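The structure under discussion appears below in the form of structure tokens.
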Amino acid sequence: MLYGYLKDNYSQVKDVFSYLASFSRKPYINFNEFVEFCKWVNIFDQNVTIGTIKEFFIKANEETE
């Protein structure tokens, strides 16, 4: 489901991410910007909540040993 959404809307998702990342010195967005990104690309539903997104964001940014 998520893969299909991203595949169908890749251009819009990329543009929104690039826009949000442009406010930073690095090509990076913080959690609040990531939540805004998710809202802009309309990714939330009954299965994908802010809690779900927070878990993904934390896991993606953990340092590996």
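Here are some notes:
- The lone exception for Leu6 - which of (1) within 20 Å of Glu62 (Cα to Cα); (2) surrounded by 10 or more Cβ atoms within 10 Å (Cβ to Cβ) it fails: (1)
- Count - residues of segment 10-54 that are loosely packed, with under 15 Cβ neighbours inside 10 Å, at pLDDT 80 or above and outside any helix (DSSP H, G or I): 8
The values are calculated or read from the model by the stated rules, or taken from the named source; none is laboratory data. Given the structure is predicted, the values throughout are model-derived calculations rather than measurements. Every residue, glycine among them, receives a Cβ derived from its backbone with ideal geometry; neighbour counts consider all protein chains shown.
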